[in-house]
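Before any comments, here is the structure.
Nothing in this text is a laboratory measurement; each read-out follows from the coordinates by a stated rule. No experiment lies behind these values; they were computed from the predicted model shown. Backbone-built Cβ (ideal geometry, glycine too); neighbour counts: all protein chains shown.
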């Protein structure tokens, strides 16, 4: 899977789950201030990402540090790389 | 100035004038009336205040009646559970006032922080134990909501979070549906139309309107008690409401 494919999967999953505008999915956007997610949505976000990538991340402390869409991309990228290794 | 403009001016003078009067009289009479409800029914303060707010909503319905055609449809009073979670679409500041048309008065509203800034309502909202969802954590909101439901009351959410400026239903947040699954209480979807004609966001002047409030069938939550069930419940309830709103609006436009 290329990085762009991974980003597309993440963005599509979030767009579908949270009814976001696909054209506005820029990595620098805050998931709270710009995308309008709340703390309960982050729980759903974890479930969605686990479903999309078939991994378990709900216990990961790093999840709490995610602030932007780009942070999600980087987090998933690291997680996938760690699984391959 | 034509007749339509005169009617709008008359409506605004009438509605805002009488609403101001109702508010002042309501504030002055609340201690006496509240004490009466306490003696008569043995209710605690939040329950008493919620009943008074419901009566205030009924006063609103009477005030607007010369200019607003209002109709409640859907479930009969007896079929609406007292102990439930209402979810409703949000079009106008005045949506909440129409909740005086619901059969029960023990309704705790989940609201954002800005309504608490209206000093004339703030004390009532605080005494009624309304859930302030913006400045509280969701954990706190769910604990308070569960407490209301355990006492037999209902909680009302605007799952869109804020008023729709396009008239179209927006994305739903999950809080109401988490609370439904935690408490085991059913969800009762409500659909309202026409309040965006009465007073849309960003306008202060009222206009005559036809307002419809429909109480949709009760959604039991037992089939959603699994991991991620709140997400499915949220999607199913929203789908019901979208479909119903389309039919209501189609019927409304045919009637014009």
**Study point:** Nearest 10 degrees, 0 to 90: helix A:39-53 Cα axis against chain A principal axis
**Key:** 40
Study note, to complete from the structure: Extend 7 Å from the Cα of residue B:134 along its Cα-to-C-beta direction; within segment B:74-99, residues with backbone N under 18 Å of that point are B:90-97
Exercise for review: Using a/c under 1.5 as the rounded threshold, could you call chain B rounded, prolate or oblate? The axes a ≥ b ≥ c are square roots of the C-alpha gyration tensor eigenvalues, and prolate needs a/b larger than b/c, oblate otherwise.
Suggested key: oblate
Exercise for review: Would you kindly work out the equivalent ellipsoid of segment B:31-132 from its C-alpha gyration tensor and give its semi-axes, the square roots of five times the eigenvalues, largest first in whole Å?
Suggested key: 21, 18, 15
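Just counting partner chain Cβ atoms within 10 Å, what average do the residues of peptide B:173-182 show around their Cβ? List each step's numbers first, then the result.
Values: counts 7, 6, 4, 0, 1, 3, 0, 0, 0, 0.
Partner-chain Cβ atoms within 10 Å, mean over residues of B:173-182: 2.
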Check your understanding: How long, wide and thick is chain A, going by the Cα atoms along their three principal axes, in whole angstroms, largest first?
Key -> 34, 26, 20
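So if the hydrodynamic radius of the protein assembly as shown is defined as the Kirkwood radius over C-alpha pairs, what does Stokes-Einstein give as its diffusion coefficient at 25 °C and 0.890 mPa s, in µm² per second?
Numbers: Rh = 22.0 Å.
Answer, rounded: 112 µm²/s.
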Check your understanding: Against the longest alpha carbon principal axis of chain A, how many degrees, from 0 to 90 and to the nearest 10, is the axis of helix A:3-18 turned?
Key -> 50
Revision key, fill the gap. At R0 = 22 Å the Cβ-Cβ FRET efficiency linking residue B:114 and residue B:249, nearest 0.05, sits at 0.20
Practice item. Would you kindly compute the Cα radius of gyration of segment B:189-247 and its largest Cα-Cα separation (Dmax), both in Å? Key: 15.5, 47
Check your understanding: Could you put B:28, B:249 in order, starting from the residue whose Cβ has the fewest other Cβ atoms within 10 Å?
Key -> B:28, B:249
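Counting other C-beta atoms within 10 Å, which of B:107, B:52, A:7 has the fewest, and how do the rest follow?
Working: B:107 24, B:52 21, A:7 18.
Starting with the residue having the fewest Cβ neighbours, the order is A:7, B:52, B:107.
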Point to revise | Helix-only [θ]222 nm of chain B, DSSP H runs n ≥ 4, -39500 (n - 2.57) each, per residue, nearest 500 | key: -16000 deg cm²/dmol
**Study point:** Averaged over A:12-18, number of beta-carbon atoms from partner chains that fall within 10 Å
**Key:** 1
Study note, to complete from the structure: Distance in Å, no decimals, from the C-alpha centre of segment B:1-33 to the one of segment A:1-29 is 49
Exercise for review: Sort B:130, A:32 so the one with the fewest other Cβ atoms within 10 Å of its own Cβ comes first.
Suggested key: A:32, B:130
